[in-house]
Structures are given as C-alpha cells and as structure tokens.
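S.K.: A single structure is presented below for examination.
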Amino acid sequence: MEQNIALELKNITKTFGNVIANKNVSLKVRKGEILSILGENGSGKTTLMNMVSGIYYPDHGQMFIDGKECIIASPKDAFNYKIGMIHQHFKLVDVFSAAENIVLGLKDEKGFDMPNYIEKIKEITEKYGFELDLQKKIYEMSVSEKQTVEIVKVLFRGADILILDEPTAVLTPQETVKLFKVLKNMRDSGKAIIIITHKLHEVLTLSDYVTVLRKGEYAGTVKTSETNEAELTEMMVGKKISLNIHRSVPENTCDRLVVQKISCMNREGTKVLDDVSFTAKSGEILGIAGIAGSGQRELLEAIAGLGHLDEGKIIYNDPKSGKEENLRDKTPLQIRQMGVRLAFVPEDRLGMGLVGNMDIVDNMMLRSYKKGKSVFLQRKAPKSLAEEIIERLEVVTPSANTPVRRLSGGNVQKILVGREIASSPTVLMAAYPVRGLDINSSYTIYNLLNEQKEKGVAVIFVGEDLDVLLELCDRILVIGSGRVTGIVDGRSATKEEIGLLMTKSSEQHDEE
Amino acid sequence: MKKINNFLHQSLYVSPFHIAKRDNIVWWKAWIIRIIAVLIALLVCGTITIALTDINPVKMYFTMIDGVVGTPRLVWNMLQNTAILLCISLAVTPAFKMRFWNIGAEGQVLIGGLATAICMIFLGEKLPAPILITLMIISSIVLGAFWALVPAYFKTKFNSNETLFTLMMNYIAIQLVAYFTLEMSVPKGSGTPRVLEYGQLPVLFGQKYLINILIVAVITVIMHIYLKYSKQGYEISVVGESEKTARYIGINVKKVVLRTMAISGAICGIAGFLIVAGTDHSLKSDSAGGRGFTAIMVSWLAKFNPVFMVLTSLLIVFLEKGASKISEVYRLNSSFSDIITGIIIFFIIGAEFFINYKIKVNLKDKEERV
C-alpha cells in the first residue's frame, strides 16, 4: 500500500518573521485518492500547498514524491515532479483563447504544433468529462469556465498530483456539482488530488481523507466515511461550537429603503444593473444572492452614493422625520449630511473600507475625522472606539496602533464592521462580510448583523454561501446579470430554487 | 549513499539562500544596517579611487569633509544649501504622499523666483522694505501655487498625466525666466543678470543666510504637524493610499488634489523667493539648479517624513559639495565626483532593501535531514 503514496510531507515547518504559518505538518496522499485539507482561514492551508508547488520553501521538514525524498525549490521543480496547482486567483491571459492559454509556456523542441495540441487537449477533456470550448476567449468566460481552463492546463502539462485552492469559492451549486464529478473522474483514473477548503459539506461529499490544520498545526487526519460535520468542526476550531444561526422573527417592520427601477452602465457601456426594484425593511435582513459579478457590487455602491445611476430612484424613509428622501446621485458626504445613517461594509475591505497602511485608530477616524471645527485631528475618541472594538469583538492585534494590513482577514473585517456599526446606522449594507473569515469570526459577524436587525436596522447582506443565506436572512433577493430574478422567503426557499434563479436571467439574455 | 544523495539535491536544486520579508525591524537595527551600508560604500569608493587615480582615499575623504565644513563660511554655505533643498523637498512631499507625481518643482521654484525678482525690480525703489518683502512673498506663493494648480486642474478635469504635465511646465518656466533675465540684464541683452539691490532679506546676527534657515525650519515644523496631525493631512494620506477609500468615506478627491498641489506649489514658490531674495540676489534660468528633481529623492529617501528630510537633504548637500571639492582639489574631471556620489547613494538606497528583507540561508538543518 505504501507504494501507492504519491506525495508525503513530514514535519513541514514554515515561518514568516515571527508568524508560524505551518508547524510540523505531515500528510499523505495516495494515487487515486482525494484528500481535503480543511482548516479555517489563516490556518496555513495555502502556505502548505504553496510549498508543495514551489512558491515557498520550507524552513524544516521533508517531502517525498513516490516514496523518494525530493526538494522543491521553485515552481519548475514542482512541475518536474508533476505537481500542478490551481490557485484561487486564476493566472490566464484574457485575450487568448482557452487552447492558447493551455499551451502557453510550453517548451516543445519539435516546434509548435497547435492542431496536435488541440487533439491532446480534447483527449483530456473527453477522458474526464470537462465541458470546454477551446476557441472561446478567456474574457468571454464565466469563472467556472476559467477554472476549467486552469485544470485542463495542469493536466495537459502532465500533472499527476493536482492541488486546488478553494475551488468552489466562486461557483454556483450547479457548477460545484459538475466540478466534483470531473474531480471524481480524475481520481478514478489514478490522479492524486488535494483540495483546500473550509466548507465542511464539500469535504464530506467529495474526499476520501481529510487532513485538518488548526492555526498552522497539524490537527489530525481522518477517513471521511468515519467522520461527521461536528467532529471536523471541533478538530478545526479546537472546541465544540454550535453551527446554528439564531434567526428571530422580524417585528414592527417598515419600509426603510425603497429602490425603484434603477439601471446603470459600467464604463464599457454594458448594463450592470437593469431595472432593479426592491424594498429593504427595518428590522429585517435582506439577503442578496447571485453569481459573483452579477451587479451586487454596483447595486450597493449605487445606494451608498458611489456610482452613477442612469434611471430610477432610491427612496429613504427617515425614521425620525418620516420624510422621504431620494438618495439618487448624492455623494456619500451629501447622504450623511442629509442625516441618513447608512453604513456600508464593502467587499474590498482594504482597498475601500479601510486603509491598509494606517493603524486601527486612524482607520476608525475615516468616518468621523471631520467632526468638530478644529483643523487638527482628534484621536482620542477614535482611539477609545478602537480599543472598545478590539475588546468587544476579540480582535487579535498587538496594539491599536498596528497597521490593519498586518492583521488577518477576520480581524480586518471585525474592525471594519465594528466601525460601521458604531455609527448606529439605520441601514447596514454588507458585501460578502464573511469572505475569508474563520468559523468563529464568521459567527461573530452573523451575530452582529442579527443584533443590528433586532435593533431595527434594515440590513442588506450580500452573500455567496447559500446555506448561510438561507439560515440568516428573512428574505432573499436573487440577482442575475444585473436583474432581479426573484425574491424568495428565507425560511421556506431551497438551495436548488435559488441556484436556478441565479442562472435564470443570463440564459434569458442569451435567448434575446 | 543517502548523504551523497542529499548533497546532490542541495547542490543541484537549491540556491544557497532565499529572500524573506522582514516583519518589522527594530529602529536601531535599521540604523546599524544603514551605517554598515555607508561604510561599505566608502570602501568601494576608496577602491575605485585607487584603481582610477593614485589618490589616497582616506586623504580624499578628509578633503571632502574639509570642503564642506572646513571653515565657518563653508558651514553656513552648506546649511543654506541644505535649507533650500529641504524647502523644496518639503514642498513636493504632500503631493507625493498623495501619489501625485509632481516633478514640476523645478518650474514652480523658478516661477516663484521670477515673481520675487519682478517685485524687486519694478517696486524696489518705490516701496519700503517690509511692504516690498511681504509683496514678494505673496506673489511668489501665488505664482508657485498657480504653476502647480494648472497640471492639477487638468488632472482632475480630464485625468491628464501629471508626470508629463508638470515636467512640461518646467520648460515653460525655464524659458520664461530666460526671457526675463535677458530683458532685464545689465546692460540690456547682454545676459549678465542684474543684481537686485532692493528687497534683499535682512542679515540676522551678522549671518547672511540665517533668515533662510530659520524660515525653512519653521516650514519643516509646520509641514510635519500638517501632515501628521491636521485633518487635511489625513485626507492627503487617505487619497494617496486609496482613492477608492477616499470616495467611500466622502472625501472630495478633486478638491484635495487641487488644494494639496496648491500647497506644494506655494512652498516651491517660497523656495524660489528664498533663492532670489535671500541667497543669490539675482535670477537666472538655472537658479533652481536641478534641486526640484533632487528634492524628490530627498523626500523619498526620508519616506516623506519631514524630520528625516532634514537628514537626507543634509546628506545630499554634503555629498554634492564634498565631491565637487574633490574634483577641484585633485583636478579631476567632475564625472569622478559624480561616480563617488552615485556609489554612496546607491548603497544608502540599497540598505533599504536589507531593512525590508532578510536573506536566509537554506537548509540550516543539514544534520536533521539525514
């Protein structure tokens, strides 16, 4: 049996400065087997795999391929050992076709023979059941198609050990099913596959073995058939936690934000929002589901006063005065001056919501620095706010004066959400607020959103994990290609129903 | 056998070291690295000196120091040069902090100098000194700010490229000054610049340049406070770090860009005023002398910190003056002093790499691996 081991790591340790990314991690993957590496964000999964693919070099430890010790010091070495990694961020040339991207960088001494390559690629796609149009340009592709190109690319290069970093993060449920099917086909033909993930149900449906990492340390390997969600969570987090999100029934709701038929175009002149209408009610969480890039960002930015609208109205009902105000074409500053307390947790935390190079205190000031007549900054209030958030949300940071870019994703998000909530908003919009967060931090965020909801805030939550949307939200708006394809009840809707709505509009567009 | 295998692996596949980013370095360690860099630079310069000439490098360094601080007059000279360079560096700093690549300081300085000179020539005899000097300052500030606002306006309005625009504005300023000096030269048209008698800055405590130095010292303190503790300084940082964040929190980015560039240009204008009224008492098209560009380096080297800028501008002036002294004393081609200056600056900038990164030796644990 030991002959079958494709890749083995023994006691791998890697540190970055004082941060220990991996400590004495060992794992094995056999040929014809799918191994999941499970761990929360920041637990060192990607770092570990980056060492296998030659991007980082371990401080200590050994690697064995086919039972022989090997040293992988560069991606080229990894390639020679037939290791292929599919990163979370695709590395493709947009203006090239799928086939061109697949053969890109190939060194063939016999000369460049495209028809021959295409034959070979077709063999691969047929063998494993990929659906791929080889002539299609990358920029015309959906995320799922791009991922397929990446996978075929490493297979074409002859990889026997495939590593996929969070492959389902950007896929719809239907696409995920497809991906798992080809991964299983690959396994059955003898490839060794490692997938990095933090989603428990995927681990259980797909893999044969699970290796769990916890804060960079090896927490154990279990056979998938002999484990369950609760046990894996406990291994990941180190303690038992309940995975249920508390959802209260909305009380005394009223229409807080009424979006009426808004449309807008992006710089290239394509419609990114098309006749979108909905109502966000106070004391309720409205979820927004959709494939990434279907107009979610534009929608929230339009409401926040960051985008230009071509048509429509955004009506805000002021709870104090009872007046109706149109927020369309107002700048964020004007919106605030109108007395609208709109909090916005954008998707791009360090690029928009926070300034990475500034410390926590200065980031707290972003919303409030203008207060007061003095020309000088008042750092006292933001400092105490920073300390309060650090304490209340359990932010792990050396001090309040640490630049936020040094913090982990979860802590960055706590800072951002904490600041936005501190302004006691009446509308709270959050775009992918738990993306990249560990379980504990995610639940902290869900609880914060629920707390706001119970306070009577109209919460708009853009999410990607349908399970979470279904557990957290009172109503779910589904958006596809910039159109509202349906609004469903969060308590009665099913995942499949939402999955279908997510793809509905894009298909309609094709027919038109 | 295994040992040999291991050895082969190491020698074949692994480079002996790799580069890792440092997390955060203690300040004194950073300074040790900088000092080591300067020492190595001096060693390399010495070697090159011996290789190219037969000058004793140690002697040469002493000549260099002697040429900068040898006499009180030289010291004052150095301080005054440092002050002007520092002033221009302070001027470009807010713009650079905002990631607005203002390489037009040269022109903004010249225009400020031109405004000063015009006041001195046309109003010099008519107005009492205090009013005249006030007018000179105001006009140099206004014109300097204007010169910087033009590219800033086009940037905010049409998103034009500020690097090219500010650079082009330099040439316009140089030509304008050249025209005026020719028009106002003595005798007219000869090109010999006129000595401007009225409106010279007063001599304090018998030191001609003291007032320049004091003015720049005040500007340094103000700039430090402005960038670090004022709301406007905060806005500059936010816009520079991320324009998206600035828009997200409702900062009017265009307004900040215009305001900051006006400040940048205004301080350049003051530098021009100091050059004309406080130092040269005349104006030529090369009065700025490339300092508008050197200032960019000073500002970057100091990581936009006005206090560090005092040190970096002093260093640059020291190198320039010292190197020119070497060529003068040993009758060397001036490019030799450029070589020396270049090597030293190269090492100082190179030191920043070792401050941000460390080099790790691979496979320290050879024994463990067997």
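S.K.: Could you please tell me the mean projected area of the C-alpha convex hull for the stretch B:87-310, averaged over all directions and given in square nanometres to one decimal?
M.R.: Working: hull surface 49.9 nm².
Its Cα hull, projected and averaged over all orientations, spans 12.5 nm².
S.K.: Where the only charges are on Cβ atoms (+1 Lys, Arg; -1 Asp, Glu), what is the dipole of the stretch A:2-237 about its Cα centre, to the nearest 20 debye? Could the numbers behind the result be given before it?
M.R.: Values: 30 positive and 33 negative charges, 64 e Å.
Once rounded to the nearest 20, the dipole reads 300 debye.
S.K.: Can you find, among B:TYR357, B:ILE275, B:THR47, the residue sitting farthest towards the positive end of the charge dipole of chain B, where Lys and Arg contribute +1 and Asp and Glu -1 at Cβ?
M.R.: Comparing the listed Cα positions along the dipole, B:TYR357 ranks first.
S.K.: So, one more: Taking amide H atoms as placed 1.01 Å from N in the peptide plane, list the residues 5 or more away in sequence, or in a different chain, whose amide H sits under 5 Å from that of A:VAL345.
M.R.: A:MET429, A:ALA430, A:ALA431
S.K.: Could you give me the ³J(HN,Hα) list for the stretch A:131-144, computed from phi with Karplus coefficients 6.51, -1.76, 1.60 and θ = phi - 60°, whole Hz, x at Gly and Pro?
M.R.: 10, 8, 8, 5, 8, 5, 7, 4, 5, 8, 8, 7, 4, 5
S.K.: Which values, in whole Å and largest first, are the semi-axes of the equivalent ellipsoid of chain A obtained as the square root of 5 times each eigenvalue of the Cα gyration tensor?
M.R.: Numbers: eigenvalues 345, 159, 93 Å².
Semi-axes (√(5λ), whole Å): 42, 28, 22.
S.K.: Only four residue types carry charge here, +1 at the Cβ of Lys and Arg and -1 at the Cβ of Asp and Glu. Report the dipole size of chain A about the Cα centre in Debye, rounded to the nearest 20. Provide the component values of the computation, followed by the final result.
M.R.: Values: 67 positive and 71 negative charges, 347 e Å.
Roughly 1660 debye, rounded to the nearest 20.
S.K.: Picking from A:LEU27, A:ALA78, A:ILE121, whose Cα lies most toward the positive end of the charge dipole for the stretch A:2-237 (charges on Cβ: Lys, Arg +1; Asp, Glu -1)?
M.R.: The listed residue farthest towards the positive side: A:ALA78.
S.K.: Placing +1 on the Cβ of each Lys and Arg and -1 on the Cβ of each Asp and Glu in the stretch A:351-423, which of A:TYR369, A:ILE421, A:LEU393 has its Cα farthest towards the positive end of the resulting dipole?
M.R.: Most positive-ward Cα: A:TYR369.
S.K.: Based on other C-beta atoms within 10 Å, arrange B:LEU332, A:LEU472 from fewest to most.
M.R.: Working: B:LEU332 19, A:LEU472 24.
Starting with the residue having the fewest Cβ neighbours, the order is B:LEU332, A:LEU472.
S.K.: List the lysines whose Cα sits under 16 Å from the Cα of B:LYS284, skipping any in the same chain fewer than 8 residues away.
M.R.: List returned: B:LYS188.
S.K.: Determine which lysines satisfy two conditions relative to A:LYS28: a Cα distance under 19 Å, and not lying fewer than 8 residues away in the same chain.
M.R.: Leaving aside lysines fewer than 8 places away in the same chain, those within reach of A:LYS28 are A:LYS10, A:LYS14, A:LYS45, A:LYS68, A:LYS82, A:LYS184, A:LYS191, A:LYS223.
S.K.: Next question, about the same structure. Taking amide H positions as placed 1.01 Å from N in the peptide plane, with prolines and chain starts having none, which residues 5 or more places from A:VAL272, or on another chain, fall under 5 Å of its amide H?
M.R.: Result for A:VAL272 returns A:CYS264, A:MET265, A:ASN266.
S.K.: Which shape class, rounded, prolate or oblate, goes with the stretch B:238-347 when its Cα gyration tensor gives a ≥ b ≥ c as root eigenvalues, a/c under 1.5 marks rounded, and past that a/b bigger than b/c marks prolate?
M.R.: Details: a/c = 3.37, a/b = 1.77, b/c = 1.90.
Oblate.
S.K.: Another one. Over 23 Å between Cα atoms: which of B:LYS157/B:LYS303; B:LYS29/B:LYS325; A:LYS215/A:LYS455; B:LYS97/B:LYS255; A:LYS23/A:LYS414 fall into that group? Numbers along the way, then the final one.
M.R.: Values: B:LYS157/B:LYS303 29 Å; B:LYS29/B:LYS325 33 Å; A:LYS215/A:LYS455 35 Å; B:LYS97/B:LYS255 16 Å; A:LYS23/A:LYS414 27 Å.
Going by Cα-Cα distance, B:LYS157/B:LYS303; B:LYS29/B:LYS325; A:LYS215/A:LYS455; A:LYS23/A:LYS414 fall outside the 23 Å limit.
S.K.: Right, here's the next one. As a footprinting exposure proxy, order A:SER368, B:SER264 by other Cβ within 10 Å, with the fewest listed first. Show your work: numbers first, answer last.
M.R.: Numbers: A:SER368 16, B:SER264 31.
Sorted ascending by nearby Cβ count, the order is A:SER368, B:SER264.
S.K.: Something else about it: Could you tally the net charge around B:ASN212, taking each other residue with its Cβ under 14 Å from the Cβ of B:ASN212, Lys/Arg +1 and Asp/Glu -1? Please list the in-between numbers first.
M.R.: On the way: positive: B:LYS208, B:ARG291; negative: B:ASP280.
Neighbour charge sum, excluding B:ASN212 itself: +1.
S.K.: Fewest Cβ neighbours within 10 Å first, please rank B:TRP147, B:TRP76 accordingly.
M.R.: Details: B:TRP147 31, B:TRP76 15.
Ordered by Cβ neighbours within 10 Å, fewest first: B:TRP76, B:TRP147.
S.K.: In debye to the nearest 20, how big a dipole does the stretch B:233-370 give about its Cα centre with +1 on each Lys and Arg Cβ and -1 on each Asp and Glu Cβ? Walk me through the numbers before you get to the answer.
M.R.: Details: 16 positive and 12 negative charges, 56 e Å.
Taking the Cα centre of the stretch B:233-370 as origin, the dipole is about 260 debye.
S.K.: Please list the non-local residues whose amide H lies under 5 Å from the amide H of B:LEU127, H modeled 1.01 Å from N, same-chain partners needing a gap of 5 or more.
M.R.: Correct list: empty.
S.K.: Let me confirm one metric for peptide A:68-78, namely the mean number of other chain beta-carbon atoms within 10 Å of its residues' beta-carbons. Before the final figure, lay out each step's value.
M.R.: On the way: counts 1, 5, 2, 10, 2, 8, 3, 0, 1, 2, 0.
Averaged over the peptide's residues, the number is 3.
S.K.: Next question. Return the average number of partner chain Cβ atoms within 10 angstrom of each residue Cβ along peptide A:342-354.
M.R.: Average per residue, whole number: 3.
S.K.: If you don't mind, another one. Karplus couplings for the stretch A:48-53 from phi (6.51 cos²θ - 1.76 cosθ + 1.60, θ = phi - 60°), rounded to Hz, Gly and Pro as x?
M.R.: Karplus-based 3J(HN,Hα) across the stretch A:48-53 equals 4, 6, 5, 6, 5, 8 Hz.
Values quoted throughout were computed directly from the atomic coordinates according to the rules given, and no laboratory measurement underlies them. Just so we're clear, the structure is a prediction, and the values are computed from it rather than from any experiment. Neighbour counts run over all protein chains shown; Cβ positions are idealised from the backbone, glycine included.
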